[in-house]
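The values are calculated or read from the model by the stated rules, or taken from the named source; none is laboratory data. As the structure is a prediction and not an experimental result, all values here were calculated from the model. Here the Cβ is made from the backbone with ideal geometry for all residues, glycine too, and neighbour counts use every protein chain on show. Side chains included, ligands, DNA and RNA excluded: accessible areas come from the protein's heavy atoms. Shrake-Rupley method; radii C 1.70, N 1.55, O 1.52, S 1.80 Å.
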Amino acid sequence: MYFGTIASGSSGNCLYVGTETTHLLVDAGVSCKKILEGLKSFGVDGKDIQAILVTHEHSDHISGIGVLSRKFHIPVYATCQTLRALQNVKSLGDLSKSDFYVIEPDRPFLVGDIKAEAFSIPHDAADPVSYTFESHGSKIGTVTDLGCYDDTIVSCLRDSDLLYIEANHDIRMLQAGPYPYPLKQRILGSRGHLCNEMTGKLIALLHSDHLKHVILGHLSKENNYPDLALETVLLEAFGGHSRQDCPDVFVAPRDSASALVSL
């Protein structure tokens, strides 16, 4: 399998998951043009995309879905409540001719040679999910936009070869920053976003012989720095391990495509 990020951050998110014959997107929260540029850097064209899997209906995850799905006739997969929410977002344009596929958490489905499975996450949206992907003996776990995690989420992500995981904010930066108090409380709440320390603790629970790559994503532009996120996560997750025991860990670029990781 292959994995890359096209955009990752509070202002827009789009992920690519693929094999030699199957090509998927998770979310499309930036412009169609930007998504196509990112795909081109991976050697993939828009017409190759077989599905857009949606995590939830917040604008930084869906703003490009309307144009992209209409231009290339790409099916959109999401939970029933999320699909209803999408159809109420006027900025997406006419979705009446779009192919919608209803998915349910904890019920795997196939797109080409990739088995995808959604699992529920705690976030302030209609019915938010994240996804895992399996193909040819490899597993990719993705999870962002969650205020906390539990044993069920840990179980879903366990034995991943690659983890794409949220490291949204540094608590001190958020508390001292310019956001209004209600927004700070929302981000810090159990249906908000993971801080760097919580992300590190979650990765520590998921550390295994399988885990080869960890990509930190969905960083806040105002309340985090890539170097700070990386340093904090490495300390929390691997402070008790020697460097040779650690997976490769890096921060996804905010506004450009990442390197394409091959499993």
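Would you mention how many residues in the stretch 27-57 are over 15 Å from Ser98 (Cβ atoms) and either under 13 Å from the mean Cα position of the chain (by Cα) or surrounded by 17 or more Cβ atoms within 10 Å (Cβ to Cβ) (or both)?
Counting residues in the stretch 27-57 that are over 15 Å from Ser98 (Cβ atoms) and either under 13 Å from the mean Cα position of the chain (by Cα) or surrounded by 17 or more Cβ atoms within 10 Å (Cβ to Cβ) (or both) gives 12.
If a residue has to be outside any strand (DSSP E or B), over 15 Å from Asp60 (Cβ atoms) and not basic (Lys, Arg) to count, how many in the stretch 4-48 make the cut?
Qualifying residue count for the region: 16.
Out of (1) in contact with a strand residue (DSSP E or B) (Cβ under 8 Å, 6 or more places away or on another chain); (2) over 18 Å from Ala257 (Cα atoms); (3) open to solvent by 40 Å² or more (accessible area, probe 1.4 Å), the odd one out for Tyr77 is which?
(3)
If you take the residues in the stretch 58-74 that are part of a loop (DSSP other than H, G, I, E, B) and farther than 22 Å from Phe133 by Cβ, which one is least open to solvent (accessible area, probe 1.4 Å)?
Filtering first and then ranking leaves Ser63.
Hey, can you tell me all the residues within the stretch 108-131 that are open to solvent by 10 Å² or more (accessible area, probe 1.4 Å) and of a type in the set (S, T, N, Q)?
Matches in the stretch 108-131: Ser120 only.
Residues are listed down the side, and each one gets a yes or a no for (1) in a loop (DSSP other than H, G, I, E, B); (2) touching a helix residue (DSSP H, G or I) at 6+ places or on another chain (Cβ under 8 Å); (3) within 22 Å of Lys139 (Cβ to Cβ):
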residue	(1), (2), (3)
Pro178	yes, no, no
Lys184	no, yes, no
His193	yes, yes, no
Ser208	yes, no, yes
Leu230	no, no, no
Ser256	yes, yes, no
